[in-house]
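Trainee: Below you will find the structure I want to go over with you.
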Amino acid sequence: MIIYLVRHTKPDVAENTCYGQSDISVIEQNFQQEVLRMRAILPVSKWDTIYTSPLKRCLWLAKALARANCRISTDDRLKELNFGKWELQKWDDIDDNEMIEWGQNFIDKNPPDGESFARLYERSVEFWEELISKKHRTTAVFTHGGVMKSILTHILEMPLKKSFAFHLNYGEIIKIDTNENQMYQVEFLSSSKNC
């Protein structure tokens with residue numbers, strides 16, 4: 001089974017903004033360029049079903065790349081981390097004490113009214129295990145950086161705190177080849193630093 005993890009393109013939001021699960025759009029010019037680039041890399045003709053976060057920055061990309069007869073399945077487990085009250089705030093404007101407290105244990109601590117990274121990891125792994133049980137020949141998952149890091153950490157059997165060692169650009173494509181023994185081969189195909 002071959003699974004392509006695809007990160008959304010650059011969101012249309014001011015730099016240094018915490019946007020997590022906010023349903024923001026993408027930068028249109030970058031988006032069109034990325035769709036063309038990805039079509040040249042991804043085996044879209046082989047997909048009969050693909051999976052996506054319901055947030056439009058992922059859903060639009062999935063729809064732009066899917067063939068007419070390809071089933072698009074949305075799944076809330078593929079959403080980015082919920083930052084709660086911090087959503088759409090500038091990182092610099094978030095209360096220093098809250099940030100320090102969260103930063104001391106960002107794996108298990110929730111941002112105010114948000115979710116912990118451990119919870120994001122749990123739902124990402126739950127989705128992944130369900131996906132590989134479906135035994136597609138090839139498929140794609142359109143999602144966010146936090147989910148992709150969680151899946152990589154899981155399949156490579158790394159401690160969760162090491163997930164931030166992965167730098168994932170917008171438009172990142174990761175090919176994961178797995179067999180029935182859940183042996184994984186991971187290949188970073190491409191990304192565009194501008195998108």
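The values are calculated or read from the model by the stated rules, or taken from the named source; none is laboratory data. Remember, it's a predicted structure, so these values are computed and weren't measured experimentally. Every residue, glycine among them, receives a Cβ derived from its backbone with ideal geometry; neighbour counts consider all protein chains shown.
Trainee: Which one of Asp23, Asp12, Asp95, Asp48 is acidic (Asp, Glu) and either surrounded by 18 or more Cβ atoms within 10 Å (Cβ to Cβ) or touching a Leu at 6+ places or on another chain (Cβ under 7 Å) (or both)?
Mentor: Asp23
Trainee: Among the residues that make up region 72-85, is at least one of them without any contact (Cβ under 8 Å) to a residue 12 or more places away in the chain and surrounded by fewer than 17 Cβ atoms within 10 Å (Cβ to Cβ)?
Mentor: No, region 72-85 contains no residue that is without any contact (Cβ under 8 Å) to a residue 12 or more places away in the chain and surrounded by fewer than 17 Cβ atoms within 10 Å (Cβ to Cβ).
Trainee: Give the residue, chosen from Lys162, Lys149, that is more than 20 Å from Thr74 (Cα to Cα) and charged (D, E, K, R).
Mentor: One residue alone meets the criteria, Lys162.
Trainee: All but one of (1) modelled with pLDDT under 95; (2) touching a Phe, Trp or Tyr at 6+ places or on another chain (Cβ under 7 Å); (3) not acidic (Asp, Glu) hold for Cys58; which doesn't?
Mentor: Evaluating Cys58 over (1) modelled with pLDDT under 95; (2) touching a Phe, Trp or Tyr at 6+ places or on another chain (Cβ under 7 Å); (3) not acidic (Asp, Glu) leaves (1) as the failure.
Trainee: Being buried (at least 19 other Cβ atoms within 10 Å of the Cβ) and aromatic (Phe, Trp, Tyr) is true for just one of Phe117, Phe106, Phe164. Which residue is that?
Mentor: So the residue among Phe117, Phe106, Phe164 that is buried (at least 19 other Cβ atoms within 10 Å of the Cβ) and aromatic (Phe, Trp, Tyr) is Phe117.
Trainee: State the number of residues belonging to region 149-175 that are within 16 Å of Ile2 (Cβ to Cβ) and in contact with a Leu (Cβ under 6 Å, 6 or more places away or on another chain).
Mentor: Number satisfying all stated conditions: 3.
Trainee: Asp113 fails exactly one of the following numbered conditions: (1) at pLDDT below 95; (2) assigned to a loop (DSSP other than H, G, I, E, B); (3) within 20 Å of Ser22 (Cα to Cα). What is the number of that condition?
Mentor: Every condition holds for Asp113 apart from (1).
Trainee: Then there is this: Can you tell which of Lys162, Lys149, Lys134 is over 16 Å from the mean Cα position of the chain (by Cα) and either farther than 19 Å from Ile50 by Cβ or of a type in the set (Val, Ile, Thr) (or both)?
Mentor: Lys162
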